[in-house]
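A.B. asks: Sending over a structure as structure tokens; questions will come in a sec.
The values are calculated or read from the model by the stated rules, or taken from the named source; none is laboratory data. From a predicted model like this one, the values you see are computed outputs, not experimental measurements. Reconstructed Cβ throughout: ideal geometry from the backbone, glycine too, with neighbour counts over all protein chains shown. Note: accessible area is taken over every heavy atom of the protein model, side chains too, but ligands, DNA and RNA are not part of it. Shrake-Rupley method; radii C 1.70, N 1.55, O 1.52, S 1.80 Å.
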Amino acid sequence: MATLSVKPGQRFTLPNWHTNSHLISADAERQRSASHQVRQEARALYNETNNQTKWDEHDNHTRLAERISSVNRWKETLDKCLADIDAEIDALAKVKEAAERALQAKNLPLDVSIECLMLRESRRAIDVVRDPVEEELHKEVKVIDKAKRELQQRVDEAFEQLCLLQEARQQLSCDHRRKTEALEIDRMCLSLNVNSPNISFKVNPTRVPDGSIALDEWEQNSQHNKEHAEAEMKASTELREATVLAIAQTNNELEAQRVATEFSLRKRIRDLERAYDELKWQEQNTLEEIAEMEEDIRRLEEGLRRKTKDLKVAHTRLETRTYRPNMELCRDQVQYGLTDEVHQLEGTICALRQKLAESQDALDALYRQLHRIQTDTGYKASSLVLDNKCMDSRRKLVVPAEKFVPEVNTFNRTVNRALSPLKNGQLELA
């Protein structure tokens, strides 16, 4: 009869079996209850956080929009302020140019008055008297000097005010530029959403950047720039009005004094012809000496080139003879002669170079002297022209300044005379 070959195992009792089933059921109930609790909490957290995120995003979106609006209002304010300050800078620059023209126009009356006074110094003996004409001329010089000082002060003040306006404009421009950049950044931030392609995690995004300031400071800075620009524009407007008034006042005073000093003048011509002729003679002799010196320099240079070629020949002969074979390489008379020739040529070249340098220095000195002569000749020629036109000098005062533009050298108060082509070429060589 067959038998079962099953390994005998542990046998549990029926109560154990029922107990195990109850335990499993109880554990399942607890796990389902815990899971249900977690699910409910997760749903609540999800809804709560989702609502919180939406409200936060909405609030920050609103804050960004309000910030953009606030910055844009300041930008528009700065735009208007920049336009106003540009207009004020242009207006002040025009008034400054008018003051400079008025100041420049005072040079002609002053030159005429000083010219008349200088001419009257040529009077001799009993004619050297202090008459009313001389007194009025001195008074005219004082009036013109006072007008020039006042106008120069206005020009300097206008220049300083222009610098202050430019500084204020620079501050406004920098503030405007920074606000434009901030607007672009905030508008870009306003356009971002979860579907934007350029969003990513950043390292420590909640940090406070270096240089950050409070909102009040930001507001005060813009307000300060605006108020500073308005204050400078107000000062510029007052300065413009004062400058225009000063120009009119000085012109009226000068015109009144010019009318008071209109008179007939006697003039004397200073004896400049002899000095002028002497200078012309010296100029001609100097030009001849320069021509001879240049010819001698060319001869020295030609001689130096020839001696250099001779030295090359002697050097080549000596070098070539060093290749004679064996016993043929002897110090013969040719060797000694070539050596002496080299030494002689080197000494000659050195002497020629030294003499050429001396000649060139002498030529430079001649050119410098020629320049001095020609400059002095020009001064004396200008003085002669002025002296010969002294009787008509005050007629220049009745010609409107915008129509009369004299070619006056403000340094020596003489008329600039055009040199002949020959003299121009000589000065260029000098």
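A.B. asks: Treating only the Cβ of Lys, Arg, Asp and Glu as charged (+1, +1, -1, -1), what charge dipole size does region 46-116 show about its Cα centre? Round to the nearest 20 debye. Don't skip to the end; give the middle numbers.
C.D. replies: Values: 10 positive and 15 negative charges, 16 e Å.
Magnitude of the dipole: close to 80 debye.
A.B. asks: Per the Kirkwood formula on distinct C-alpha pairs, the Rh of region 44-111 is how many angstrom?
C.D. replies: On the way: mean 1/r = 0.0580 Å⁻¹.
Evaluated on region 44-111, it is 17.2 Å.
A.B. asks: Follow-up. Of all accessible surface on region 164-258 at a 1.4 Å probe, what whole percent is carbon and sulfur?
C.D. replies: Numbers: 3580 of 6590 Å².
So the carbon and sulfur contribution to the accessible surface is 54 percent.
A.B. asks: May I ask you to derive the FRET efficiency for His61 and Glu255 from their Cβ-Cβ distance with R0 = 60 Å, giving the value to the nearest 0.05?
C.D. replies: Working: r = 71 Å, r/R0 = 1.19.
The value I calculate is 0.25.
A.B. asks: Which pairs in the list Lys139/Lys396; Lys148/Lys226; Lys75/Lys234; Lys54/Lys202 are over 25 Å apart, alpha-carbon to alpha-carbon?
C.D. replies: Details: Lys139/Lys396 19 Å; Lys148/Lys226 36 Å; Lys75/Lys234 22 Å; Lys54/Lys202 21 Å.
Result: Lys148/Lys226 exceed 25 Å.
A.B. asks: Give the calculated FRET efficiency between Ser196 and Gln223 to the nearest 0.05, with a Förster radius of 35 Å applied to their Cβ-Cβ distance. Display every interim value, and only then the final one.
C.D. replies: Values: r = 35 Å, r/R0 = 1.01.
Here the calculated transfer efficiency is 0.50.
A.B. asks: In nm, give the distance between the simple-model label positions of Asn204 and Thr339, each being 7 Å from the Cα along the Cα-to-Cβ direction.
C.D. replies: With each label point 7 Å from Cα toward Cβ, the separation is 8.5 nm.
A.B. asks: Consider a paramagnetic label point 7 Å from the Cα of Lys142 along Cα→Cβ; state which residues of region 98-121 have an amide N under 17 Å from it.
C.D. replies: Answer for this model: 110, 113-114, 117.
A.B. asks: Grab the other residues whose beta carbon is less than 13 angstrom from that of Gln40, score K and R as +1, D and E as -1, and report the net. Numbers along the way, then the final one.
C.D. replies: Details: positive: Arg32, Arg39, Arg43; negative: Glu41, Glu48.
Net charge in that neighbourhood comes out at +1.
A.B. asks: Could you work out how much longer the chain between Arg177 and His371 gets when fully extended? Use 0.36 nm per residue separation minus the Cα distance between them, nm to one decimal. Intermediate results must be reported in sequence, preceding the final value.
C.D. replies: Values: separation 194, 0.36 × 194 = 69.84 nm, distance 5.66 nm.
Net length gain for the segment: 64.2 nm.
A.B. asks: Do any chymotrypsin sites (Phe, Trp or Tyr not before Pro) in region 162-265 lie in a DSSP loop with no more than 16 other beta carbon atoms within 10 Å, and if so, which? It would help to have the intermediate numbers written out before the result.
C.D. replies: Values: sites: Phe201, Trp218, Phe263; in loops: Phe201, Phe263.
Loop-located and lightly packed - Phe201, Phe263.
A.B. asks: Please give me the summed charge of the neighbours of Gln369: other residues whose Cβ is under 11 Å from its Cβ, Lys and Arg +1, Asp and Glu -1. List each step's numbers first, then the result.
C.D. replies: On the way: positive: Arg368, Arg372; negative: Glu283, Glu289, Asp364, Asp376.
In short, -2.
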